[in-house]
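Reading through the structure tokens given below for one structure.
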Ligand SMILES: Cc1cc2nc3c(=O)[nH]c(=O)nc-3n(C[C@H](O)[C@H](O)[C@H](O)COP(=O)(O)O)c2cc1C
């Protein structure tokens, strides 16, 4: 692979070094941190539990600026087009991700801003153009989370029938190849199964070399295949340590077959308080005030997609709780010391960071900065 850094043709090692110096997602921190889902109503908690969080742009700027100031690496919005019903109409009010990223970039300095782009809703030329533009606006701080769309009523709202699961990834592979070619080449033709591009042209190119950071959260074999081929990070859903270790090994070995690296991160809800009892009480409040109507709708949709969450009632209830608490992410509940211990375990497993949600993003992020970050530095997870 060759690419151009400052007009020079460069070796992959030079690109890796350039990224390490210039792109927060590749900095030297052993455990990177992001804020997840802040652009949507109720964030990642499907609950009526009381919070000061609001999915308004003004409040998002406040959260983004705090995360930027305390050194978080990234902000990851959720790409969402409609709600999940229930009494919360979960995630129904949300800010569109590309325009959100462009605007948030103008209110922040160092942190990376992602857009979560649904493949079937955006033509690759538009995705490449918007991404390159936001990368220029932010001076190289843009990243893209590529998702195929699994929420059928949301995707079919666009008037197009949803493809079967694995075919969505065939489309995503072609989409991503087109986006990458637009970012890095000029005047090329593409004639594929889903897209035809005559004399593909894009200017300005993105600032980042070789291109903006690409992430994906697929955990199926097709999803892992996509990540291995195209993503810089896969954001794993961790349900068990053994399974996670196995998936990380698969992603790494498959990426190596394509001559590239793809690393692993995950996502989590953090409930952190001075005492374990207070943290548990916070977690319990989220569950007790959970919106089971919306959570059950999500679980049914996912079961329809063949995700296995166990077959008996207890297993499904446990999965429902995880969705209510933090969109199915790892629940990290405890004192600052306990949270850092759990992060050390994740880092030892090969997980290089977390996209985090909280019930009350701004207030709990402030506490996280004051109480958890210093312990992470002491533990060598961050500089
Ligand atoms: C951290 C994370 C973020 C995600 N963000 C979105 C999103 O914004 N919009 C969306 O429709 N799906 C999103 N998903 C769902 C994934 O794109 C994907 O459908 C899911 O992880 C299942 O992957 P699989 O189909 O390969 O099994 C997200 C998943 C994770 C774990």
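From the list 222, 228, the one residue that fits, being within 13 Å of the ligand (Cβ to nearest atom), within 18 Å of residue 120 (Cα to Cα) and without any contact (Cβ under 8 Å) to a residue 60 or more places away in the chain, is 222.
Regarding the range 288-299, can at least one residue be identified that is assigned to a loop (DSSP other than H, G, I, E, B), over 24 Å from the mean Cα position of the chain (by Cα) and either at pLDDT 90 or above or buried (at least 16 other Cβ atoms within 10 Å of the Cβ) (or both)? So far as the range 288-299 goes, yes, one or more of its residues are assigned to a loop (DSSP other than H, G, I, E, B), over 24 Å from the mean Cα position of the chain (by Cα) and either at pLDDT 90 or above or buried (at least 16 other Cβ atoms within 10 Å of the Cβ) (or both). Kindly evaluate residue 274 against the criterion of being away from the ligand (no atom under 16 Å from the Cβ) and in contact (Cβ under 8 Å) with a residue 60 or more places away in the chain. Considered against the rule, which asks whether it is away from the ligand (no atom under 16 Å from the Cβ) and in contact (Cβ under 8 Å) with a residue 60 or more places away in the chain, residue 274 comes out as yes. Do the conditions hold for residue 227, that is, is it part of a helix (DSSP H, G or I), within 13 Å of the chain's Cα centre (by Cα) and closer than 26 Å to residue 342 by Cβ? Taking the combined requirement at face value, the residue satisfies it.
Of the residues 50, 73, 58, 20, which single one is within 16 Å of the ligand (Cβ to nearest atom) and over 19 Å from residue 328 (Cβ atoms)? Answer to the check: 73. Annotation note: Cβ proximity below 7 Å between a residue of the range 179-197 that is under 24 Å from residue 215 (Cβ atoms) and a residue that is in a loop (DSSP other than H, G, I, E, B) and at pLDDT below 95 (sequence gap 6+ or interchain) occurs for 184/210. If only residues of the range 134-165 that are under 25 Å from residue 212 (Cα atoms) and part of a helix (DSSP H, G or I) are counted, the one that is nearest to the ligand (Cβ to nearest atom) is 134. Would you mind stating whether residue 131 is outside any helix (DSSP H, G or I), closer than 22 Å to residue 232 by Cα and touching a strand residue (DSSP E or B) at 6+ places or on another chain (Cβ under 7 Å)? It is false that residue 131 is outside any helix (DSSP H, G or I), closer than 22 Å to residue 232 by Cα and touching a strand residue (DSSP E or B) at 6+ places or on another chain (Cβ under 7 Å).
Going by what's in this entry, would residue 328 be described as within 16 Å of the ligand (Cβ to nearest atom), in contact (Cβ under 8 Å) with a residue 40 or more places away in the chain, in a strand (DSSP E or B) and on the phi > 0 side of the Ramachandran plot? Taking the combined requirement at face value, the residue does not satisfy it.
The values are calculated or read from the model by the stated rules, or taken from the named source; none is laboratory data. Here the structure is a predicted model, which means the values were calculated and not measured. Backbone-built Cβ (ideal geometry, glycine too); neighbour counts: all protein chains shown.
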